[in-house]
Amino acid sequence: MKIVVIGGTGLIGSKLVTKLGEHGHEAVAASPNTGVNTLTGEGLAEVLKDAQVVIDVSNSPSFEEAAVMEFFTTSTRNLLAAEAEAGVGHHVALSVVGTERPPGNAYFRAKIAQEELIAESSIPFSLVHATQFFEFVRRIADEATDGDQVRMAPVLFQPIAGDDVARAVGRVAVGSPLNGRVEVGGPEQFRMDEFFRKALTAWGDPREVVTDPQARYFGSVPDERTLVPDDGASLGEIRYRDWLDRGEGAMSR
């Protein structure tokens, strides 16, 4: 089938295009780099012609409150309208575990708005909620850095490899629409402060990880289970230590 991947040249999108192609599907990468812009609508009608499935793994270039809300609402409205016109039968979107749980932050609120637009549309849909990617854990550490200290809350944390996310999204995309969501997380659950203490040691990073129950995660203080999936979630196969040992951690600096 023809599957258009919005954000198809990014981290998850490029993996999806490759994996879907290996399974015999016509996977088309769509992004500003390929002449498709969901914010303006440029190129959407052309790329969606004859598509059966659209997967949206695009992300906002800015996490500033107004900018991230504008990105997800405008791009999603444009995309859904173009899909309806093209007769697309399945809309799949990648979202984040914890968006619906307090305390929220600006990014989570924007993702909720995106999901509401998708659920209210006439197009059958599936939502894949994933935990944070291994590829972004260094950014999380940098965001939490104060001088030579990294302040982390002692809450549950269950990151996942980008390859496992792509596999999960691909499986959902080629199946029947869920008109609901599934959750996917990594194979191991940690305390966030302990995970980063061990991770920084593995990276050879001299910063000290400080346990702080009030430490913020991209603008809000997470609850115990904000960042982990519920029971029954699909779990990835790749462990963080093995992922690092393969040398992939160096790619996420």
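Could you calculate the FRET efficiency of ARG77 with VAL210 from 1/(1 + (r/R0)^6), where r is the beta carbon distance between them and R0 is 35 Å, rounded to 0.05?
Efficiency for this residue pair is about 0.25.
Between GLU64 and ARG225, 0.36 nm times their residue separation minus their Cα-Cα distance comes to what?
Computed gain between GLU64 and ARG225 is 55.5 nm.
Can you grab the distance from the C-alpha centre of the stretch 195-226 to the C-alpha centre of the stretch 159-178, Å, no decimals?
27
What are the extents of the Cα atoms of the stretch 28-109 along their three principal axes, in Å, largest first?
41, 23, 19
Taking loop as defined by DSSP and a crowding limit of 15 other beta carbons within 10 Å, which GluC sites (Glu not before Pro) in the stretch 75-166 fit?
The qualifying sites are GLU100.
Enter the per residue convex hull volume of the chain, computed from alpha-carbon coordinates, in Å³ rounded to the nearest integer.
Per-residue hull volume (Cα only) is 119 Å³.
With r defined as the distance between the Cβ atoms of ARG101 and ASN179 and R0 fixed at 25 Å, what FRET efficiency is calculated, to the nearest 0.05?
The formula returns an efficiency of 0.70 here.
With a probe of 1.4 Å, find how much accessible area the chain has per residue, and write the answer as a whole number in Å².
For the chain, the solvent-accessible area averages 45 Å² per residue.
Give or take rounding to whole Å, what are the principal axis extents of the alpha carbon atoms in the stretch 57-205, in descending order?
Each principal axis gives a Cα extent; for the stretch 57-205 these are 53, 33, 24 Å.
Could you please state how large a percent of the accessible area of the chain is carbon and sulfur, counting protein chains only and using a 1.4 Å probe?
Answer for the chain is 50 percent, counting heavy atoms of protein chains only.
So, in nm, how far is label ASP242 from label HIS23 when the simple model puts each one 7 Å beyond its Cα toward the Cβ?
Those two pseudo-labels are separated by 2.0 nm.
So for the stretch 161-227, Kirkwood radius off the Cα pairs, Stokes-Einstein at 25 °C and 0.890 mPa s: how many µm² s⁻¹?
164
The values are calculated or read from the model by the stated rules, or taken from the named source; none is laboratory data. All values derive from a computational prediction rather than experimental measurement. Heads up, the Cβs are rebuilt from the backbone with ideal geometry, glycines too, and the neighbour counts pull from every protein chain shown. Areas reflect the complete protein model, heavy atoms only, side chains present, ligands, DNA and RNA absent. Shrake-Rupley method; radii C 1.70, N 1.55, O 1.52, S 1.80 Å.
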